[in-house]
Amino acid sequence: MIFYFSGTGNSLYAARLIAEHNNDRIISISEEMLQEKDCYEYKLEEEESIGFVFPIYAWGPPRMVIDFISRLSVPDADDHYVYSLATCAGNIGNTMKALGKALDNRGIKLQSAFSVVMPNNYNLLGDVDSREVAERKLDLAEEQIRGISKVIEAKQTGVFRIRKGPVPFILTGVINPLFNQHALDASRFYATDACTACGLCQDICPTRNIHVEGKPAWGSNCTQCLACINHCPVRAIEYGKYTLKKGRYVNPRVSG
Ligand SMILES: Cc1cc2nc3c(=O)[nH]c(=O)nc-3n(C[C@H](O)[C@H](O)[C@H](O)COP(=O)(O)O)c2cc1C
Ligand code: SF4
Ligand code: SF4
């Protein structure tokens, strides 16, 4: 069973590749969370693995992933192989330590973890990759994920194939909490006159934070996944002035 979260498709792509290789099933964390349950209990088949696949946000897991894990219940978790794969644009700091702690609190032991560099979707401060760079990253990522799928199939424990970057304790211990406290802000999003009121942004927002009535309006429950701004088919969404001249990115190898 693979639990995944994805804003622009990279993590969904990775989860699908692993699931395909291991004949596994994937479950969307954001869709599960819409049910607003206090406890999410899953009974697994014998021998079934548990995977967590998600993007890195400011050197940590998305808050929704941690919220979901805090309500997760897996009977006999010790009998199952547990791994995680984070997709990122560069490096992940101590994300897997933070994830491991959150899982420990639920009696689930993280046994192996991986990070894979994929195209950047963060266009608020920096910019997305050029199409050529994105394609190259995707080719390399696919090869790596296929290799990782074999490690997962073999249920190898103690494999931590991750790129932490410099000063990981500061990135994850200091910057990530600041990001979660101050940066999850949707108030700067707006739609330009190019908006056709198609409703796509409303439908894909994992927190249902957007309501389209004529034009979209953003609420206060944002994870900064950037699905809305990157997916808009007519490029009508902007974030203050930060994104006016920036590119947009959606993983071209996933649909639906
Ligand atoms: C809010 C935000 C913060 C990000 N922070 C990081 C980061 O700290 N390190 C990194 O390597 N990539 C970072 N990224 C890039 C994404 O992790 C990367 O593009 C990821 O593959 C996107 O996955 P998705 O398509 O499944 O949403 C960030 C992206 C967003 C939207
Ligand atoms: S996805 Fe774009 S065009 Fe469609 S409603 Fe949202 S802003 Fe408007
Ligand atoms: S408002 Fe946009 S950035 Fe925020 S959670 Fe929804 S889709 Fe993601």
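Structure summary
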item	result
Count of residues meeting criterion [within 16 Å of ligand 1 (Cβ to nearest atom) and touching a strand residue (DSSP E or B) at 6+ places or on another chain (Cβ under 7 Å)] in segment 211-248	6
Only listed residue being aliphatic (A, V, I, L, M), in the same structural domain as THR157 (by TED's automatic domain parsing) and over 21 Å from ALA227 (Cβ atoms), chosen from VAL116, VAL128, VAL82	VAL82
Residue among ARG235, ARG146 that is in contact (Cβ under 8 Å) with a residue 12 or more places away in the chain and touching a Leu at 6+ places or on another chain (Cβ under 8 Å)	ARG146
Segment 225-237 - residue that is within 14 Å of ASN121 (Cα to Cα) and out of contact with any Pro (no Cβ under 8 Å at 6 or more places or on another chain) and, of those, nearest to ligand 3 (Cβ to nearest atom)	LEU226
Residues satisfying the stated conditions in segment 53-79, i.e. of a type in the set (A, V, I, L, M, F, W, C) and either within 16 Å of ligand 1 (Cβ to nearest atom) or in the same structural domain as THR207 (by TED's automatic domain parsing) (or both)	VAL53, PHE54, ILE56, ALA58, TRP59, MET64, VAL65, ILE66, PHE68
All positions within segment 218-247 that are in a loop (DSSP other than H, G, I, E, B), near ligand 2 (Cβ under 10 Å from one of its atoms) and either surrounded by 21 or more Cβ atoms within 10 Å (Cβ to Cβ) or not hydrophobic (A, V, I, L, M, F, W, C) (or both)	CYS232, PRO233, ARG235
Out of PRO206, PRO166, sole residue that is crowded, with 18+ Cβ neighbours inside 10 Å and not in a helix (DSSP H, G or I)	PRO206
Criterion violated by THR172 - all others in (1) over 18 Å from the mean Cα position of the chain (by Cα); (2) hydroxyl-bearing (Ser, Thr, Tyr); (3) crowded, with 19+ Cβ neighbours inside 10 Å satisfied	(1)
Residue in segment 175-197 that is farthest from ligand 1 (Cβ to nearest atom), counting only those that are assigned to a loop (DSSP other than H, G, I, E, B) and hydrophobic (A, V, I, L, M, F, W, C)	ALA197
Of all residues making up segment 96-148, the number that are within 16 Å of ligand 1 (Cβ to nearest atom), part of a strand (DSSP E or B) and closer than 28 Å to TYR42 by Cβ	4
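The values are calculated or read from the model by the stated rules, or taken from the named source; none is laboratory data. Note that the structure is a prediction, hence the values are computed from the model and not measured. When we count neighbours, we look across all protein chains shown, and the Cβ atoms used for this are built from the backbone with ideal geometry, even at glycine.
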